[in-house]
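First up is the structure itself, then whatever we jot down about it.
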Amino acid sequence: MTRNDRDHAMDSFLKERLDTEVPPEVDAKLRRHLAAFRERMESRESSREPWWRSLFVPRWRVAVRYAIPAAVLLVAALMFWPRPGVKKGPLAFADVLEQLREFRPYACTFTYHYDGREPFSWRVMRDSLTRRREERDDGNILVFDMSQEPNKILALIPEKKTAIETTLIGQRPGKEPDILQTLRDMRNGTAENLGMQKVEGRLAQGFHKPHKFNDFTIWVDPDTGLPVYVEVRQDPVERTLIMSDFEWDIELDESLFSTTAPEGYTVHEKVVRADVHPMEEHLVEGLRTVAILQDGVFPSATDFRELQQGLDRYVERIGSSASEEEIESLRTSVRLAMKYIEQLLKRFYEVRELRYVGDGVELGDAESPVIWWLFRGLDTYRVVYGDLSVRDVPLEDVPDLSGDQHSDLLRADGDFLPYVCTYTVKDEGTPERTKRLMRWSLSRRREVMPDGTVTVVDLSHSPVRMLELIPDERRAVERTLIDRGPEQDPDMLEMARDAQHSSGENLGLRVVEGREAQGYGMFGPGDDITFWIDEETELPLRIEIVHAGTGRQIIMSEFEWDVELKESLFSTTAPEGYAVERIEQEG
């Protein structure tokens, strides 16, 4: 082997072991030691020492004598020369952000902890910022693909071999929400250094990055700078997100992110318009629209459906003078404001308080509030004023309206929708009892039993009246409750609404009665309530209530909503031809 061949072999060895270029000063010293070693070894070949001496002086002793300095230098280079992407010694938070700057495929376990409720987890896999796969503990799977137009979502329920393929119309390809992206986008690279600690079975370095909405505590591998454990405290919704069991830079099969259901599945197809995600700005613009439509004065709305009705009156008033595009733009503005209230503030953030107080406030009034809300975990209100400015206001500076139900949007019933459903009661040790329930309003109902008997309750007057019909016997009982009324009739749907707006736990998506539904539950020391909301109509499909103590189970199912019910069905006067017994009693 020539000298050039030997030098080339050494270069290849160093690059292979270090995976980088060797610094010039290390390279020069290493070559000097190796050259001296080579010369010593070659000089042995030409020495005049007697041949017999080599039999008693082993050649390896000579080799070791001259090779040790070179070997030590080589080991030092291998151990201490920094490799690309890894910073030796203590990490700064900016180093962590640098590692996350470029997306890396990963998988991890997401665990949500809501205050006072049981946590729930699922496994998340991401091969890009546009695609995500979730594998739930119950075996159900969700796949989100925002890389194509239209966007697509696949929900799989393997236990029932059912799939829901959702197409999001009007949404262009874009990034799919990722909590780590929030961390990547933090321009200020400073954070509290928590030092070294054993996390997830390994030594990790911690950082705390405080934030009003996403308060990060992150533990990273000191060698790679990549997260091994992330905790995000979200006070506005009183929950903590934990990301653990990370796998980084993994190869994920393309089939894992397919939004087409596997063979053998029953497929339900759904198309959803997803042009705009409502934000606070849309609420402000919606309020501006309704004020302009009412000559610069905010309406007396206790429910935002009235905003839509105000727009309808405006359209009728101006007639054909406005173009279809202008009218549709106004409708969209109001619709997005309503959507922000219903979907974001009420359902996602589950705000503690939400009030509309804009009755008669003039557009441009910088001192009078129009609407305010209070996020969970915060002690300042978010207030929109008549000039459409939005400010954070301390608790003591907001008027006390605790007794004013008129302005409370969390308690307002809005327009009651007549409905019919099957009402089933199950008590342990007794046969289940089923009836068909019809609701004309919150004060009038009709119940039809399997044997044909009918009960009608009317609490809209004083005194309260009830009618019991036994058609087979042509007999009726008319009851008068002399010390009651008017009042609202207890409705299990009111309990469901309370569960959703207070401490409802999100149970994810399911197929219920052949339709895609979003589940919510309220579990605690009182009654346990589980209800499923139709994703398209946003109306209940099924409600299950288990009473604490007795264990009685009530199921409301097979709903028919906004049905036309004849008022005669809710009459408390017996039909002609019936033998009538009239009873007056105290309520």
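Nothing in this text is a laboratory measurement; each read-out follows from the coordinates by a stated rule. Because the structure is predicted, anything quoted here is derived from the model rather than measured. Backbone-built Cβ (ideal geometry, glycine too); neighbour counts: all protein chains shown.
So the values come out like this:
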item	result
Built amide H within the under 5 Å cut-off of H268, gap 5+	A163, I164, E165
Residue-count net charge about M279 - beta-carbon cut-off 12 Å; Lys, Arg +1, Asp, Glu -1	-2
Burial ranking of peptide ranges 240-246, 438-444 (average Cβ count within 10 Å, highest at the top)	438-444, 240-246
FRET E, pair T550, I250, Förster distance 51 Å, beta-carbon r, rounded to 0.05	0.50
Förster-model FRET efficiency, 41 Å R0, L241 and S462, C-beta, rounded to 0.05	0.20
Cβ crowding within 10 Å averaged over residues, with 425-435, 535-545 ranked highest first	535-545, 425-435
Protection proxy ranking, peptides 290-298, 255-263, average beta carbon neighbours within 10 Å, highest first	290-298, 255-263
Residue-by-residue Karplus 3J(HN,Hα) for the range 197-213, coefficients 6.51, -1.76, 1.60, Hz, glycine and proline x	7, 7, 9, 6, x, 9, 6, 9, 9, x, 9, 10, 10, x, 7, 5, 10
Computed lengthening from T573 to K426, 0.36 nm per intervening residue step minus Cα-Cα distance	49.8 nm
20 Å cut-off, amide nitrogen to a point 7 angstrom out along D472 Cα→Cβ, residues in the range 416-444	431-437
When each of K270/K566; K161/K270; K270/K346 is checked by Cα-Cα distance, pairs over 27 Å	K270/K566
